[in-house]
Amino acid sequence: MQSAEPFLPYRGRFAPSPTGPLHAGSLVAALASWLDARAHRGQWLVRIEDVDSQRTVPGADRLILAQLAACGLHADAPPTWQSARTPLYRAALDRLVAGAFAYPCACSRKDIENATTADVPRQRHAELRYPGTCRTGLHGKAARAWRLRTQGAHTGWSDRVAGPQEQDVEAAVGDFVLLRADDCFAYQLAVVVDDADQGISHVVRGADLLDNTARQIWLQQCLQQPIPHYLHTPLVLGANGEKLSKQNGAQAIDTSEPLHALNQAATTLGLPAQSGKVEQALAIWTAAWAYAWMRPQRQVQAT
Ligand code: GLU
């Protein structure tokens with residue numbers, strides 16, 4: 001399969017799931033993606049990823065947008081909501097079905113658990129490795145979900161921070177879900193469709209999504225879409241050493257002191273803390289970011 005070159009000029013995005021307000025960890029991804037766009041003199045978009053209606057918290061989207069504005073992270077276009085884009089995901093699934101890349105699956109979670117000895121994975125957007133039960137047909141059962149075939153999905157790519165990566169998607173994840181049994185489109189399909197539709201050339205996000213990238217590149221190849229450049233930022237760890245997340249009770253950032261919140265995020269990214277005005281701090285960090293990340297042969301430094 002051919003993959004096209006990434007879109008030019010530069011267009012980046014921040015794509016929060018509205019499951020709660022921004023916290024210190026999600027602000028790192030927001031700031032890094034904003035700085036990368038500004039350093040490239042590109043555009044920066046905000047996309048509210050509310051495709052998973054069960055996890056969406058009413059009002060969290062507005063809160064996140066207000067927090068970004070309070071931190072001086074202004075987007076170059078009005079925000080978009082995935083919940084308004086379902087026809088695009090449906091059309092992409094139809095194309096995958098027509099190309100025999102996708103197939104219906106009748107398995108429940110229990111069926112998959114019974115057919116596998118693997119532990120339940122704990123990574124972000126992880127799923128149980130699918131053993132391929134319905135690849136050859138539904139065996140008289142009713143379809144619940146749609147999955148993407150992953151035979152031959154041995155994907156290699158280079159992350160701008162983590163360097164060369166590879167994953168055998170079939171061995172690591174198996175045929176993954178595109179449309180869930182509850183009729184929600186899966187994150188993997190929605191993110192890939194939106195990144196292409198919005199012309200995203202550079203994805204900058206947290207390292208907890210590093211291992212989702214191979215799945216997304218495989219899907220981009222099946223849909224014959226451009227493959228963006230990827231940069232995965234360091235994670236903020238909580239007192240227990242675990243990644244800070246809404247699920248483990250991370251506090252909302254305090255927007256009455258935006259520079260304090262931004263300084264925390266900036267130091268996680270290896271940028272020096274600033275005093276003074278938010279706009280000045282953002283300008284200094286943009287210059288530092290351009291110096292650190294935009295040289296062609298940047299050496300990755302262990303932190
Ligand atoms: N909305 C996704 C999440 O919070 C992030 C999507 C992305 O940046 O690719 O897990």
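The values are calculated or read from the model by the stated rules, or taken from the named source; none is laboratory data. Computed from a predicted model, the values in this text were never measured in an experiment. No Cβ is skipped: glycine too gets one built from the backbone with ideal geometry, and neighbour counts run over all protein chains shown. We work out accessible area using only protein heavy atoms, side chains counted, and drop any ligands, DNA or RNA first. Shrake-Rupley method; radii C 1.70, N 1.55, O 1.52, S 1.80 Å.
Tabulated data for the structure shown
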quantity: Residue ID - farthest from the chain's Cα centre (by Cα), chosen from residues in the stretch 144-160 that are over 21 Å from Tyr230 (Cα atoms) and open to solvent by 60 Å² or more (accessible area, probe 1.4 Å); calculated: Arg144
quantity: Extreme residue, least open to solvent (accessible area, probe 1.4 Å), among residues of the stretch 23-56 that are out of contact with any Leu (no Cβ under 9 Å at 6 or more places or on another chain), free of Cβ contacts under 8 Å to residues at least 60 places away in the same chain and within 13 Å of the ligand (Cβ to nearest atom); calculated: Asp50
quantity: Matching option when the condition is within 24 Å of Gln82 (Cβ to Cβ), out of contact with any Leu (no Cβ under 6 Å at 6 or more places or on another chain) and assigned to a loop (DSSP other than H, G, I, E, B), among Gln216, Gln224; calculated: Gln224
quantity: Every pair of residues 6+ apart whose Cβ atoms lie under 9 Å, when the first sits in the stretch 259-286 and is more than 19 Å from Gly206 (Cα to Cα) while the second is of a type in the set (Gly, Ala, Ser) and surrounded by 20 or more Cβ atoms within 10 Å (Cβ to Cβ); calculated: Leu259/Ala281; Pro272/Ala266; Ala273/Ala266; Ala273/Ala281; Gln274/Ala266; Gln274/Ala281; Ser275/Ala281; Ala281/Ala266
quantity: Matching option when the condition is away from the ligand (no atom under 16 Å from the Cβ), modelled with pLDDT of 95 or more and either in contact with a Gly (Cβ under 7 Å, 6 or more places away or on another chain) or open to solvent by less than 10 Å² (accessible area, probe 1.4 Å) (or both), among Asp175, Asp194; calculated: Asp175
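Yes or no, residue by residue, for (1) β-branched (Val, Ile, Thr); (2) closer than 26 Å to Arg129 by Cα:
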position: Asp197; (1), (2): no, no
position: Ser201; (1), (2): no, no
position: Asp208; (1), (2): no, yes
position: Thr213; (1), (2): yes, yes
position: Ile217; (1), (2): yes, yes
position: Cys222; (1), (2): no, yes
position: Ile227; (1), (2): yes, yes
position: Leu231; (1), (2): no, yes
position: Pro258; (1), (2): no, no
